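Presented below is the structure to which this report refers.
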Amino acid sequence: MELKRYRLLLWISFLSLSMLWVAPELQAAPYYQGKRITFVVGFAPGGGYDRMTRMIAKYLPKHIPGKPTIIIENMPGGSSMIAANYVYSVAKPDGLTIGNINRGLQIAQVMKISEMKFDLRKFAWIGSTASDANAFCIRADLPYKTFGDLRNAKREIFMSSGGPMTSGAQFTTLIKEYTKLNIQLITYTNMADALLAVERKEVDGNGSTYSSLAPLIQRGVLRPLLRGRAFEPEIKHLPVDEDMTTDPVGKKVMAMRSATDVVGRPYVAPPGTSPEALSILRKAFAQVAKDPQLQAEAKKNLMPVEYLSAEECLKSVNYLLGQPEDIVREFKKYITF
Amino acid sequence: MFDAFIQGLMINLQFKPFIFMLIGSAIGFWVGILPGLGGGATLALMMSFIYTMTPQEAMPFLLGMYSVVATTGDITSVLFGIPGEATTTATIVDGYPMAKKGEAGRALGAVLMSSLIGAIFGAALLALSIPIVRPLVLAFGSPEMFMLTLLGLTCISTLSGRGKRGLLQGLLGGGFGFICSMIGQDSQAGVLRFTFGQLYLWGGLSTIPVMVGLFAIPEIVNLAVSGTAIAGDVPLGKLGKGVRQGIKDTFQNFWLVVRCSLIGSFFGILPGVGGGVSQWVAYAHATQSAKTDEERAGFGKGDVRGVLGPGASNNSKEGGALIPTIAFGVPGGPGMAILLGAFFVMGLVPGPEMLTKHLALTYSMVWTIVIANIIAVTVCLLFIDRIAKLTTIRGNLMIPFLLFLCFIGAFSSNNHYGDLIVLMVFGVIGCILMRYDWPRPPFILGFVLGRFAEINLFAATLRYKAHWLYRPKVMIILLITVAFALAPYILKKRRLSNEE
Amino acid sequence: MKNRILADGKLWISLTLMVIGATVALMAYKWPFRTALFPVSIGLCVFFMALADMLLGLFGKEEGLSPKEDAAGATPEDRDQKIAWRRTVGIFAWIGGFFLMIILLGFPVAVPLLVFLYLKVQNKESWRLTLILTGSTVVFFYGLFVWIIETPFPDGLLVRWLG
């Protein structure tokens, strides 16, 4: 009897130890194991959105349990509206499709663009990997050292932009309208041509995103004088555009425009994506943004990465979309999409 | 500067950079030949591989691919009448008729040799212009850019048919192309023009589906109708011998090749205008070398000079396009925009640093263009007999393959089915134009230049009011434009008076 | 007779361009000045040039209206017009059919299917040649576009409906 009990005890111990050894194989495999995530980028290869996504895609797998593979699918068109429509209505909500869409779509929804077949608030938000502050910059060789100097300028100030819908054009237009600065906005084929016009001294400045102007600012070609509400550390000290106007409606409209800068690089999943998958993705994005290798590469690329949570993104989106009709009407007077 | 020039060569001759350059060239060889693949999109894909490379390895890898694409893209244009790349469309106009006459070998020999000379010329220009490259690019403001688009548009008259009606039809084609270029969001107020509620059209029509539809689909239809091989019923023996003749043609028309290389480089330097236009301006200039009306009438029916011109300019523009990309971070063309991304990944900031601190690396890019093209052209010439024999395969066997390559090529522009619809619509338009002998190149010129002309005219006028008309460079370009437009008539009058 | 047909074809092109030019100018007229300037100017130019071309075609001398030669030097008279027309319609039907196959089945299925059907049904090739070429197409297409480049081909509508 004693021997039997002893043998039984031995078997139970042996089985328990074996269970411990095979336990990992018996556990459910991570959700993303053996799977492939597709990033749908709403712009052509080579642009800022595409480059940011490719950089993130390189380091993201190690922060997702199961280490899925990642592919990038470019779906340009309609300022990324085609990609957004696709992610909203066509892509399966299985956590395997992530859309990288234009932050300007917030404006599109404010303006109720008919081709928009989605509601930004209903996407399964993952977050944003950068804010993209605008900076109003003037050529450093000109005698204007402050925004006040510009107000006293005796001639038109020529500002370049890469297109009528770009954030630079919108930012500059609102400054022109509400600060009554004598600005003439000149549109070029694209941002690169707009910056070349600055170097060529054909125009006096540019009001685009800080990330695109940084190389010229660092080389001393441009001097930043003003910023929007959103900011990068390097331009934090600058006065804010809203403070340059006394018009209360103008302040609100400028704040509205700045709100789009906060959610600078939006990443969204289809509505109805499972909470489990969404939680994994949000956590992974938060972690990858702090990844030292990614940060080093981002620094090299002059593309700062900073994660803004899904909640913060939605807060910003809701702020924009919750504005009263009269402010929206005023906004629509100057901002196009 | 000379030290950096030699250092650049030494960089490329090191083991790893040389191997990567060979791999890049091999990829570029196939990308150029296959109409379904674009050089720009392939560059984007290759970016994933460069993260672990040094700049000395990554640049030969990427540029080795990109600089060879235009060379081998001409092969498809000649053999099948399908543009291997958007920038090799002009080669079709005379190259494909040569293939149909059984002169595929001659056309290929000519286009490959002129491509090589063009590439070397473009690289040499890049190398020599480095001390003056920044003031060179900065010299052309929006008024000058508008005048240059006007110069490009003047080529419409040279590319049009004969007689008053021919000229009128050319201008109409250009006008229609101009209208098509205005589809999409306008550059001034953001108003949607002619989009008919279609999101796909917001960005305008894409170049590749339009070009492939206009030029390749009619040729596929022709193959189906004729029921023969591309080379018709020409006996097999004739094909390979033409290669030597094609190479001879290149050297017999050496100065034409050099002038067209100059055109390609010049337009390559101008950001935005680029290869889409330079090939047509070069082609138009090549037609001006015709000494008689009968010779002029031969263009479009298989004149080797119609192949030499675009062949040279396509490759020389790559060296030219690198100039604003390296010196300013302003892409000289769509592929250059992606190359810029590679610069940032490598920790290189385009601008004065590339012309001072990293001058050796800049020169290594020059050498990459030269060496990669020498290797690609040599390989092509070795196998050209076999390549040229493709034109003897029964047309009916080729059709499904050519069709699916056209469709994939069009689809890859935006990964959108709308591009396939554009392909088919322009295929029908191309067939109708071809059927009624209506010239197609003027449409392409209007389409490529239209938007650019509009933006620059408004920029010039807003910035300078009417004073831009009196700028010295504007007046010089205007004189060149007038001379370019009137040259055929003046030369004809002089010829007629000499004959009398 | 052939010249008349040619002339009529060109007249139809001129007429179409007149309509396009006029439509463009009229649509653009309501837009803001800078947006409308080029469309209105070019639209009107196209309209009047097309009108001039049409008048030249109707009443002018028939210069440059020689029958179209193809690059091989054959003239349309050398070919049976009915066969040429039938083949033209046929190839366009194949092009349209290929597009429908892509929409319904997706590129990965449509491409080999096109090759197979064209060779077997249109050309009536042997089974051996058809299968070899179709197999080569599958290898080439999947190897290059799906496996190496990973081009994102969307699923066809039928594939999506089924599952």
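The values are calculated or read from the model by the stated rules, or taken from the named source; none is laboratory data. Quick caveat: nothing in here was measured; it's all calculated off a predicted structure. Ideal geometry is used to build each Cβ from the backbone, glycine not excepted, and the neighbour counts take in all protein chains shown.
If you take the residues in the range B:426-452 that are under 27 Å from residue A:42 (Cα atoms) and within 11 Å of another protein chain (Cβ to nearest Cβ), which one is surrounded by the fewest Cβ atoms within 10 Å (Cβ to Cβ)?
Checked the range B:426-452; the qualifying residue surrounded by the fewest Cβ atoms within 10 Å (Cβ to Cβ) is B:451.
Scan the range A:62-83 for residues that are part of a helix (DSSP H, G or I), more than 9 Å from chain B (Cβ to nearest Cβ) and either touching a strand residue (DSSP E or B) at 6+ places or on another chain (Cβ under 6 Å) or at positive phi (or both) and report the count.
Summing the residues that are part of a helix (DSSP H, G or I), more than 9 Å from chain B (Cβ to nearest Cβ) and either touching a strand residue (DSSP E or B) at 6+ places or on another chain (Cβ under 6 Å) or at positive phi (or both) in the range A:62-83 gives 2.
Quick one: how many residues across the range B:453-500 are of a type in the set (S, T, N, Q) and exposed (fewer than 14 other Cβ atoms within 10 Å of the Cβ)?
First, the residues of the range B:453-500 that are of a type in the set (S, T, N, Q): B:456, B:461, B:481, B:497-498.
Applying the additional criterion that residues be exposed (fewer than 14 other Cβ atoms within 10 Å of the Cβ) yields B:497-498.
Within the range B:453-500, residues that are of a type in the set (S, T, N, Q) and exposed (fewer than 14 other Cβ atoms within 10 Å of the Cβ) number 2.
For residue A:50, state whether it is crowded, with 17+ Cβ neighbours inside 10 Å and touching a residue at least 24 places away in the same chain (Cβ under 8 Å).
Yes; evaluated as a whole, the condition is true for this residue.
State whether the residues of the range C:119-138 include one that is of a type in the set (Lys, Arg), in a helix (DSSP H, G or I), closer than 19 Å to residue C:101 by Cα and out of contact with any strand residue (DSSP E or B) (no Cβ under 8 Å at 6 or more places or on another chain). Break it down stepwise before answering.
Taking the range C:119-138 first, the residues of a type in the set (Lys, Arg) are C:120, C:124, C:128.
If we keep only those that are in a helix (DSSP H, G or I) as well, we get C:120, C:128.
In the following step, the residues that additionally are closer than 19 Å to residue C:101 by Cα were identified as C:120.
With out of contact with any strand residue (DSSP E or B) (no Cβ under 8 Å at 6 or more places or on another chain) added as a condition, the list becomes C:120.
Yes, there is a match, as at least one residue in the range C:119-138 is of a type in the set (Lys, Arg), in a helix (DSSP H, G or I), closer than 19 Å to residue C:101 by Cα and out of contact with any strand residue (DSSP E or B) (no Cβ under 8 Å at 6 or more places or on another chain).
Residue check, residue B:386 against (1) out of contact with any Ser or Thr (no Cβ under 6 Å at 6 or more places or on another chain); (2) closer than 29 Å to residue C:145 by Cα; (3) crowded, with 16+ Cβ neighbours inside 10 Å, all met but one. Which one?
(3)
In the set C:98, C:153, which member is in contact with a Phe, Trp or Tyr (Cβ under 9 Å, 6 or more places away or on another chain) and within 7 Å of chain B (Cβ to nearest Cβ)?
C:98
Of the conditions (1) under 23 Å from the mean Cα position of the chain (by Cα); (2) assigned to a helix (DSSP H, G or I), residue B:432 clears all except one; give me its number.
(1)
Counting only residues that are within 14 Å of chain B (Cβ to nearest Cβ) and surrounded by 22 or more Cβ atoms within 10 Å (Cβ to Cβ), how many does the range A:217-232 have?
Looking only at that region, the number is 1.
For residue A:133, all conditions in the list (1) modelled with pLDDT under 95; (2) surrounded by 21 or more Cβ atoms within 10 Å (Cβ to Cβ); (3) closer than 30 Å to residue B:195 by Cβ hold save one; what is the number of the exception?
(3)
Counting only residues that are hydroxyl-bearing (Ser, Thr, Tyr) and in contact (Cβ under 8 Å) with a residue 24 or more places away in the chain, give me the strands (runs of 3 or more DSSP E) lying completely in the range A:84-180 with at least 2 of them.
In the range A:84-180, A:157-161 are the strands (runs of 3 or more DSSP E) which contain 2 or more residues that are hydroxyl-bearing (Ser, Thr, Tyr) and in contact (Cβ under 8 Å) with a residue 24 or more places away in the chain.
Taking the range B:196-208 as the search range and keeping residues that are facing chain A (nearest Cβ under 9 Å) and farther than 12 Å from residue B:414 by Cα, which one is surrounded by the most Cβ atoms within 10 Å (Cβ to Cβ)?
B:199
Can you tell me which residues in the range C:134-163 are more than 24 Å from residue A:70 (Cα to Cα), in contact with a helix residue (DSSP H, G or I) (Cβ under 6 Å, 6 or more places away or on another chain) and hydrophobic (A, V, I, L, M, F, W, C)?
C:138, C:157, C:158
Cβ-Cβ below 8 Å, separation at least six or inter-chain, first residue in the range B:309-333 and more than 10 Å from chain A (Cβ to nearest Cβ) and farther than 17 Å from residue B:43 by Cα, second surrounded by fewer than 24 Cβ atoms within 10 Å (Cβ to Cβ) and among the polar types (S, T, N, Q): which pairs?
Sorted first by the residue in the range B:309-333, then by its partner, the pairs are B:323/B:129.
Go through the residues of the range C:124-132 one by one and say whether even a single one is of a type in the set (S, T, N, Q), more than 26 Å from residue B:213 (Cβ to Cβ), more than 7 Å from every other protein chain (Cβ to nearest Cβ) and surrounded by 14 or more Cβ atoms within 10 Å (Cβ to Cβ).
Yes, that holds for at least one residue.
Here's a check for you: in the range A:103-120, which residue that is over 28 Å from residue A:55 (Cβ atoms) and of a type in the set (D, E, K, R) is modelled with the lowest pLDDT?
A:115
I want to confirm something. Restricting to the range C:19-31 and keeping residues that are under 23 Å from residue B:165 (Cα atoms) and more than 10 Å from chain B (Cβ to nearest Cβ), which single residue is surrounded by the most Cβ atoms within 10 Å (Cβ to Cβ)?
C:22
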